[in-house]
Structure formats: C-alpha cells, structure tokens
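Before any comments, here is the structure.
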Amino acid sequence: MSDRNDSFILEMRGISKSFPGVRALDRVSFDLRAGEIHALVGENGAGKTTLMKILGGVYPQYEGEIYLDGQSERFKNVRDSARSGIAIIYQELSLVLDMSVAENIFLGRLPHRSGFVRWNKLYKDTDELLARLNLRLDPRTVVRNLGIGQQQMIEIAKALSQRSGILVLDEPTAALTDSETETLFAILNKLRDEGVAMIYISHKLKEVFRISDRITTLRDGRVVEACDTTDTSESRVIAGMVGREVSRVFPERASAPGEVIFEARDITVRDRVLSDRVLVERVSLSVRRGEALGIAGLMGAGRSDLLMALFGAHAGRVTGEIFIEGRRARIASPADAIRHGIGFVTEDRKRYGLVMDQTILKNITLAALRRLSGRFITRREREAAAGNQVISDLRIKTPSLQSIAGSLSGGNQQKTVLAKWLLTAPRVLLLDEPTRGIDVGAKQEIYALINRLAAEGLAIILVSSELPEVVGLCDRVIVLREGRIAGEFARLEATSEKVMQCAMGG
Amino acid sequence: MVIALVIVWAIFAYTTDGVFLEARNFSNLMRQSTITAILSVGMLMVIVTGHIDLSVGSLVGIAGGVAAVAQAWLGWGLELSILASLATALLIGALQGFLVAYLNIPAFIVTLGGLLAWRGAIKGISQGNTIPVQIPAFKSIGQGYIAAAVGIALAIAAVIAIVGVALWRERSRRRHGFGSGSQFRLAARILIPSILVVALVWAFNRYAGVPVPVLILVVVALAGAMLVEGTTFGRYLYAIGGNTDAARLSGVNVRRHTLAAFSIMGALAGLASIIYTARVGSAAPDAGRLLELDAIAACVIGGTSLMGGRGSVQGACLGALFMASLDNGMSLENYQDFAQDIVKGIILVAAVGIDMIGRRKNG
Ligand SMILES: Nc1ncnc2c1ncn2[C@@H]1O[C@H](COP(=O)(O)OP(=O)(O)OP(=O)(O)O)[C@@H](O)[C@H]1O
Ligand SMILES: [Mg+2]
C-alpha cells in the first residue's frame, strides 16, 4: 500500500479480463489525477473499451483492484459506478431513439415534483446545456431524426449533465466535425480547470496530443507505455500501438482512370416527413473505372443522403437518373443497386451495418448470399471459405467466424461491414466514413485496400469527414454545401484548406 | 430444453406409476402435441422476423369450418375440401402479411383484428352450430395410424438419409479445405438421430403404429428447419428480425419476406386446422381458441426471442411437446382445469426466466 500515491483519484491495478477465446486485458494498470486528461490509445481490439466498461460496472467480473480516492471499490453494476461520480460516453451510442433530446439527456434523472415531470424545467435545463455545446437544437426533437454526429453531441451533453468527477470519453470525436470538435475541446479544457479528471480514448493522435496531459498505450490487452504527453511523440506512440513503424503518408497510386462507369444526373432527395424540405438538390456526378471520387462537406451537407439515394435506399423521395456503363439503370431499392454491382459501406455500423446478435459469418455474407452460397439452398462450407479469406485479408481480429458481431471491438466491427461489401464483388463502391473508429495501422491497410480496388478497376465514391483522407486518397473531390455541389477539385489542386473553405461557403 | 423435458417426463412417469410413458399414452401425447407444434413452426418464422401472429387460433377455426362446410353443405370430396381449407388459411395469412409488410400496420394490431374478425366469421357461417365431418378418410388424417411395417420402412429410409446427409456434409467440408472433422463427431451426427428415429418408431409400433398427424408434423418440421437454416430465405428472415435496416441495406426485400412469413404461417394454420377438425370429427364455432397462445408459448419456451432474430424450429417443436406433456400429464393425474392453467402459466414464466438467467451468465 505504501507505493500508492494519494493524489490519484482513480487507480486501476492489475486488471485482467477474458472473454471466450480472447484475453482482452492482461494485468493492466491505469491511474488518473484530478484535473488531468489522460489519453488511452491502442489498436482496434487492444482492450480500451473493455477497460472502461469495467470502470463503468458493465463487466462486474474481472481480476484486479480499483481504488477511488484511495478506497477499494468493486462496481457490481452501472449504477454503482455512476453513483461514485463516474460518467462514461461509450463508443457505441446508447440513446433511446424515439425519445426527445431532453428526455435522453436526463433519462433516469428527470426533474419532477411529486411524481410529475416538470417539463418546463427539463426543457430549460436542456436548452442551457445545449447552448454550452453550441448546439442549436430544439430539446423536443426526437433523437431518431438526428444524424450520428449530433447524436454523439447529445451523449456528451448527457455525460456533462451528471457533473461527475471522472469523465470517460470513448472515441467522442469519431463522428464529429472539426468545429464540433473545437467546441468539445474548449469544454474539456474548462472542465480540466474545474478539476474534473478525464480519460480520453481516440484513434486521432493529433487530437490526443493536443488535449491530453498523459498517454497510456495498450497493445493486445497489455500496457506498453505510460508517460507524459510532452515526453513522447506521435511516431513513438504509433510504434508502441502496433509494434512496428507505420508510414503516415497516403500510399502512392498510379491512377489511370478508364471510361465512365457510373453516372448520376440531377439527383434530388427530399426529407422523409417534410416533403418540401430538400436534402440534396440537383446533384450530378460521374466516376470512372479505377477512379476514386471524394465527397467532402460539413455534417448535414447531404453527403450520406446522396449516397443513400444513389444506392436506392431512399426510394420514393428521390428524383434523377442513374446510368451504369452508359445505360440507364432503374435503382429503386438496395437490391437493385447490388444487382447492378454497387456496394455501400454504410455509416453508423450499429444502425445500418450489422446484425449485432448474429455471427460474423452471417453478417459478412448477408449482402452476397446468393452469389457466395447458393441461389436458394445455402452452402455453409463455401460461405465459410470465402469468409475466412476476407477476414484474413482485412485482418479482422476475432477468435472465429462464429463469434457474435456485437462482441467485436468497434474498429473490427467497421472492418466487418467493409468485408460484407467486398464479398459482393462490386464494380462501384460507395464508402461512407469507412475509417471511423479505426486505428492508424488499420487505416493504412484500408487506404491501401482502396487503392488496390481502384487499381483493379473499381469506381470508388468516398465520403469522409477527415479531409486529409479525402484529399490524399481521391483523384477528384466534390464539395457539397447545403445539398448542392459547391465546388470540384482535381487531385493536384485539392488541399484541405481549399476544400474546407469551399465547404463552409467562403 | 431437452433436460427440462426429460425432468417433466420423469416426474409424470413417477407420479402416474408409469402410465404416462405407457405405449398408449405416449402415442396420445405425441398426437396431442402435433397441432401446437405445426403452428409453432409457422409462428417461429413470424416471430424471428420480428412480428407476431395472434390470429392463429381463429384461423384454425375458420379453416376447419371451411373444410366441414365444404363436405357437409356443398358435398365436396376429400381433396377439394382440404384444398379449400388450406387455400382459405393461406390467403388470410397473406392478406395479414400484406397489411403488415406493405401498409406498415403493426402485426400485433392486424392479427388482433384477425383474431376477432375470423372468429366472428366462423360463428356467422356456422350459425353457432357444430358441423360434423362427413368423409371417413378425412377423419383418419387426425385419428389414423400407419401400419407397423410401413413405419419400419420409413425408419429405414430415414436412417439411410441421415447417413447420406452426414457423409455429404463431411465431403463438402473436406472439399473446401476445412480438413475432416473428428470421426467422433461424424459418428455422433449419424448415430444420435438414427437411434432417435428407430426408438420412436419402435415406441409407436408398440401401440398402434405411427399416428398420421405425427408423420405430418415430422415432414413439416423437417421442411421448416431446412427452410430457416439451410436457405437464403431463412437467413434473410433472421437478418430482418435482427436489424431491419441493415437487412434492407444489404439488399434483402424486407416486405416480400415478411409477406412470405405470414403466408407460411397461414398455410400451416390451415394444415393444423385439418388435423384438428379430423381429430375432433367436427368443426365447432370455438374450435382452436387460444391456440395462438400455445404456439407463441412453445416458441418462447424453445428459446425464441420475441424481439426477433433468434430461435429455432427444433426449439419450437420441443417447446410444443413440453406444453403438451404438461397438459397430458396433469390430465392423467386428474388435475382440475383451473389448476392446469395455473401450473402452465407459472411454468411458462419460470422456463423463460431460467433461460434468461442462463443467458446473462454466459454473456
Ligand atoms: N462482449 C464481448 N464478448 C467477447 N469478446 C469481446 C467482448 N467485448 C470485447 N471483446 C473482445 O475483447 C477485445 C478488446 O475489445 P475492446 O472493445 O476493448 O477494444 P478497443 O481497444 O476498444 O478497440 P476499438 O479501438 O476497435 O474500439 C477484442 O478482441 C474484442 O473482440
Ligand atoms: Mg473501443
């Protein structure tokens, strides 16, 4: 006990946790002082989220000790942990989609008088909270109608409203725009001054270096290194995470685009409920064989809606024409799109990408079942053979194809969605935020994969909020602003600054 | 599930001094379970897709009524009256499926409406009277037995099929480079079902032979299991129940599959109604009441999640057998009606509760 430093408000000592077939954490120690931001980094599946779930009482069974203010604690459930002043924003959002923003933020703590909810107070408190986050949102808005970025902000608001002494943020900025990230950082800095202790998990190392005081690196469930941020460097952290050097530049690609394979003319998308609200207005674009087209824009600029429309997923509220290899194609449903050789790696893997309760194998073969298996009778062995192949190609970290998709780490779930679409052998691949929540090493793999696919003659349309990614990978970049095309840049003239300026309307 | 069944059988065998497991009662028990079991196969598909069908009992009532009316009033023959009954149930199932899938009316509401409306229809048609079945051959669908020799022949054929399928899968594994599975697993895969088949036929033959409804159930269950586990159709049902959006974006035609699940449910309700009517020998206005609840309970006891996306045909059939065992055993012991209901209710909740606790431990 003598070596315990009393200035730590949280100490986790020798934490181990195993799942069937995986040792997720192996004697991990981690500590936290009041008024500091301690970053936790590591590859996909390194065990970051698992460590936080133990702290949050989600996994009551583990080995090791947790001390809060020097007192030994053992959280048996989520409530125990919350009562001890720990607030956690998980990587996988956990909002009640059909409730309002205000209800979600104060869920379980609704202000009430003798059992009746005090709605006015609820909405007023929410308004104040949202204002602190620079969010212009009606507290009565139903969360389902918000994009994933705004949902993330609601989760942050929810955690802030608990006024906890310890705040954990697991990948908070994965779905945020740059300006939202700035707002968040301003708030985190203020909280730090107020003495709140924070654990910050992110794959965006630039942010980690900007915001954190200390960095702990995990690899395969073990602590590689823990040191002050000022004493280390990005490349050293990366080397610690992946156990080897990773190049941080975008892989070169000799691009030689062929003929136009996919063309969309005058695509207009209307809102589902308010049909006079236009989400995407008269957008035309074309992609060539072997070409990567980037679509940049701010959150809410209509990027995802455009992709959804191209994929036939917004049937009934889209006008415009699509041509594939010069021929008019009727795409009224995702099934039509797949038949025409279009694949779509969707944003928001939990909502659109995966059937979380099912095995990895069933998930990755879902879109290509007829091709991989049999038209009607399924052939398990054939599927498994194809599945094993793509799993090892993408280096998805899992004990077996029969593991449940929901048990994968966030980044590996993202790779699983990608695997699903690669198995459809598409000619045109739409990618919506394909590297969200993916670690640096895996990002490089995905970049290389995109290049390889392009070299094989695929046409690629990439939407990403990470501008360097769009600019570095794509042959051409289209910028969307408020649903309309605001500009187009060829590879050589595209820089992050120019694209950003165009997206903001400067 | 199997363990629970064995325990219940052991208890009843003990408390009834072995009467429960006697050849005659065993045969009756199996026969009793067939109607619920057939319905539960269809119900499974609906529930797995994330819906529910509350109209099943009324469907059995009206489809049985159609068969009886066709024979008694219209003088139709065996095949035609069966066909009329099946077609009625199939069409009603398809109609309900259409309302759910294409007009987005919640299944609970559509089929609750169905529960009332179809029951009303059969009461109206029959004017409240019980209509007797005319054709003896029709009755034998519910009451008949298969000759012992035929039963043995079927058992032999089944064993051959089991061996064939096991070997074929083994070859397929090897061809796709998964190495040969252990000899032990292969042997188990052949021996366990084979022994089960032979033992069952032997048990039935000790009394009067395999009951016709049991044979029908076996065919339905095998076809159902193959459909949900071995076809793209089945995989899509599970995907829809697990995450409708993800399924749609993966190219699954959600509406068509939902419609199909309800249609299959309808057709199976038609089949069940024929067995039901044939066994009772007449169609009463309140025939099949509460069967929907038995079928849902059988699914849930058998491990089906009411949230959709999880469950199996084997589980549902075992669940049905479990329910029938309770009914049968308690009747043998002369429990009064009210006591039977109480016990069944408690066991239903307990069975699911134990299952949930077990699942939490693993998760
Ligand atoms: N509920 C679970 N059941 C089984 N295995 C699990 C479960 N949760 C996590 N794992 C496994 O534990 C390991 C660590 O996962 P964890 O989610 O902590 O990773 P992570 O560091 O947060 O990764 P990412 O950056 O991708 O979010 C992974 O191999 C994962 O597959
Ligand atoms: Mg994680």
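Numerical summary
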{"quantity": "Cα gyration tensor shape of segment A:355-425, rounded if a/c is under 1.5, else prolate or oblate by comparing a/b with b/c", "calculated": "prolate"}
{"quantity": "Mean projection area, nm², convex hull over Cα of chain B", "calculated": "20.1 nm²"}
{"quantity": "Total accessible surface hidden between B and A, rounded to 100 Å², 1.4 Å probe", "calculated": "2500 Å²"}
{"quantity": "Distance in nm between pseudo-label sites at B:S331 and B:I160 (7 Å out along the Cβ direction from Cα)", "calculated": "3.7 nm"}
{"quantity": "DSSP beta bridges in the protein assembly as shown [antiparallel fraction, %, rounded to 5]", "calculated": "60 percent"}
{"quantity": "Simple spin-label estimate for B:I109 and A:Q61 in nanometres, 7 Å along Cα-Cβ", "calculated": "4.3 nm"}
{"quantity": "Radius of gyration, Dmax [segment A:1-132; alpha carbons; angstrom]", "calculated": "17.9, 52"}
{"quantity": "Percentage relative contact order, segment B:148-208, counting C-alpha pairs under 8 Å, at least six apart", "calculated": "49 percent"}
{"quantity": "Diffusion coefficient, µm² s⁻¹, Stokes-Einstein with Kirkwood Rh over alpha-carbon pairs of segment B:58-110 at 20 °C and 1.002 mPa s", "calculated": "180 µm²/s"}
{"quantity": "Proximal lysines relative to A:K362, as straight alpha-carbon distance under 29 Å, when same-chain residues fewer than 8 apart are discounted", "calculated": "A:K17, A:K48, A:K53, A:K350, A:K397, A:K415, A:K420, A:K443, B:K361"}
{"quantity": "The protein assembly as shown: proportion of alpha-carbon pairs further apart than 47 angstrom, %", "calculated": "34 percent"}
{"quantity": "Cα gyration tensor shape of segment B:153-309, rounded if a/c is under 1.5, else prolate or oblate by comparing a/b with b/c", "calculated": "oblate"}
{"quantity": "Within 10 Å of each Cβ in A:369-378, the average number of Cβ atoms from other chains", "calculated": "4"}
{"quantity": "Of every Cα-Cα pair in segment B:148-208, the percent that sits beyond 19 Å", "calculated": "40 percent"}
{"quantity": "Per-residue mean of C-beta atoms belonging to partner chains within 10 Å, peptide A:328-335", "calculated": "3"}
{"quantity": "Estimated inter-spin distance, B:L116 and A:F209, nm [label 7 Å along Cα→Cβ]", "calculated": "6.9 nm"}
{"quantity": "Proximal lysines to A:K121, defined as alpha-carbon separation beneath 19 angstrom and excluding residues fewer than eight positions away on the same chain", "calculated": "A:K158"}
{"quantity": "Distant alpha-carbon pairs in segment A:125-188 (separation over 20 angstrom), percent", "calculated": "21 percent"}
{"quantity": "Segment A:8-242 - convex hull of alpha carbons, volume per residue in Å³", "calculated": "131 Å³"}
{"quantity": "Whole-Å semi-axes of chain A's equivalent ellipsoid (Cα gyration tensor)", "calculated": "38, 27, 23"}
{"quantity": "DSSP bridge orientation in segment A:8-242 - percent antiparallel, rounded to nearest 5", "calculated": "60 percent"}
{"quantity": "Exercise: per-residue mean of other protein chain Cβ atoms within 10 Å, B:222-231", "calculated": "2"}
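The values are calculated or read from the model by the stated rules, or taken from the named source; none is laboratory data. Quick caveat, the model's predicted, so the values are computed rather than measured. Heads up, the Cβs are rebuilt from the backbone with ideal geometry, glycines too, and the neighbour counts pull from every protein chain shown. Ligands, DNA and RNA are stripped out before the accessible areas are found, and what is left, the full protein with its side chains, is counted by its heavy atoms. Shrake-Rupley method; radii C 1.70, N 1.55, O 1.52, S 1.80 Å.
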